Amino acid sequence: MMPDAPLLPSDLLRTFVAVVDDGGMSAAGLRVGRSQSAVSLQVKRLEEMVGAALFRRDSRDLALTPAGDTLLPYARRLLALNEQALAALAPARLTGVVRLGVVQDFAETALAGVLARFAEAHPNVVLETRVGPSSALRDAVAHAGLDVCLAIGSAEGAAAARTVPMVWLAADRVPSALPVPLPLALLDPPCSYRRAALEVLESAGVAHRIAYAGPSLSAVLAAVRAGLAVTVRTADLAGRGLVALAPGEAAARGLPALPAVTHALHVRPDAGPAARRLGTVMAEVLAAPTAPAIPG
């Protein structure tokens, strides 16, 4: 091997294989626990490292280039060897029950990929997952009802955190002129996004009404996809019929600027090895590249 030959990172190879196996960037993101835009960035970085395009961009269907066809079997073998090496070096298999709590946003995006990745690496660990509001999840960790949680709010005492901008989400064919009063789809309180949306609209004097409210984020997003309302979340939820309005686009439609939101990971101080390992995996997801700041 040449001394200056690049080493292909396993996370990039894992994402590349996931895109091939799942047939697209969005579906691959669910498997590897990353947003669609982060998957696209990882593929681009891998292409830069190997010096060739891996997917055809001129086709409606995602198809491999000759370079992609060549890399794929090597990628599978490298990932398999990596897993075998880690298994051989592990001092002991992790066991036990890990109780995880997440907010609905994470359940809608990266949760499936994180759980699949963890379960594959640690088959003897039993995962119990609860989806709920941030305040309840943090309280459960504090009172030993949960081992790990990903919540929205203050990063104080968190094992890891990231701050991302809130955005206006609308149907992918949002009209240039929104209805007046502005129809909103919001989760029931308590909800940081609901509070932010109402506060900025009231401060800007924008007439609005709550067209849909309920406890289910999936139902809120369905109402937005149907073009019945707009909502406020983060750009991680864009795609699948939803668009995140850039600040300039939002302003042109009379929508005020929004604040940022913090996603914080909390791990119970006396959590066992399996729970701490899950916390590490989830911290890696938080630290990974996410949807870039939307240009104005």
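The values are calculated or read from the model by the stated rules, or taken from the named source; none is laboratory data. These figures come from a predicted structure and were not determined experimentally. Counting neighbours? That spans all protein chains shown, and the Cβs are built from the backbone with ideal geometry, glycine included. These area figures cover heavy atoms from the full protein model, side chains too; ligands, DNA and RNA do not enter into them. Shrake-Rupley method; radii C 1.70, N 1.55, O 1.52, S 1.80 Å.
Brief remarks follow.
- Each 5 Å bin from 0 upward holds the following percent of the Cα-Cα pairs of segment 227-291: 3, 12, 18, 17, 14, 11, 10, 7, 5, 2, 0.
- Accessible surface of the chain, 1.4 Å probe, proportion on carbon and sulfur as whole %: 56
- Each Lys or Arg adds one and each Asp or Glu takes one away; over the other residues whose Cβ falls under 13 Å from the Cβ of ARG31, this sums to -1.
- Kirkwood Rh and Cα Rg combined as Rg over Rh, evaluated for segment 101-172: 1.01
- Charge sum, other residues only, whose C-beta stays under 13 Å from LEU221's C-beta, Lys/Arg counted +1 and Asp/Glu -1: -1
- Taking Cα atoms only, the orientation of helix 10-22 departs from the longest principal axis of the chain by about 70 degrees.
- Using 0.36 nm per residue and subtracting the Cα-Cα separation, the extra length available between ARG93 and ALA196 on full extension is 32.6 nm.
- Gyration tensor verdict on segment 33-73 (Cα atoms; rounded if a/c is under 1.5, prolate if a/b is larger than b/c, oblate otherwise): oblate
- Electrostatic dipole magnitude of the chain [Cβ: Lys, Arg +1; Asp, Glu -1; Cα centre; debye, to 20]: 220
- Dipole of segment 77-150, positive direction: furthest Cα of ALA80, VAL97, SER135, with charges on the beta-carbon: ALA80
- Bridges between two residues of segment 8-165, per DSSP, are antiparallel at a rate of about 15%.
- Charge dipole (the chain, unit charges on Cβ, about Cα centre) - positive-most of GLY227, MET25, ALA264: GLY227
- In degrees, nearest ten, helix 273-287 long axis to first principal axis of the chain (Cα): 60
- Compactness of segment 9-62, taken as the C-alpha radius of gyration over 2.2 N^0.38 Å, stands at 1.02.
- Bridge type composition, the chain - antiparallel percent by DSSP, nearest 5: 55
- q = 0.14, 0.32 Å⁻¹: log10 I(q)/I(0) that the Debye formula gives for segment 179-228, counting C-alpha atoms only: -0.33, -1.24
- The DSSP beta bridges internal to segment 161-259 are antiparallel in roughly 55% of cases.
- Long-range Cα-Cα pairs in the chain (distance over 36 Å), rounded percent: 24
- Three-way shape label, segment 174-296, alpha-carbon gyration tensor, a/c 1.5: prolate
- Per-residue HN-Hα couplings for segment 171-179 [Karplus 6.51, -1.76, 1.60; θ = phi - 60°; Hz; x = Gly/Pro]: 4, 5, 10, 5, x, 5, 10, 7, x
- Once the Cα atoms are used to define both axes, helix 192-204 deviates from the longest principal axis of the chain by about 40 degrees.
- Cα-derived Rg over Rh, computed across segment 38-183 with Rh taken as Kirkwood radius: 1.07
- For segment 171-256, trypsin sites (Lys or Arg not before Pro) are listed when DSSP marks them as loop and at most 10 other Cβ atoms sit within 10 Å of their Cβ; the list is ARG173.
- Accessible area per residue for the chain is 50 Å², calculated with a 1.4 Å probe on protein heavy atoms, without ligands, DNA or RNA.
- Added length on full extension, which subtracts the Cα-Cα distance from 0.36 nm per residue, THR129 to ASP11: 40.0 nm
- Among ALA177, ALA246, ALA28, the largest mean-square fluctuation in a Gaussian network model of the chain, built with springs joining Cα atoms closer than 10 Å, belongs to ALA177.
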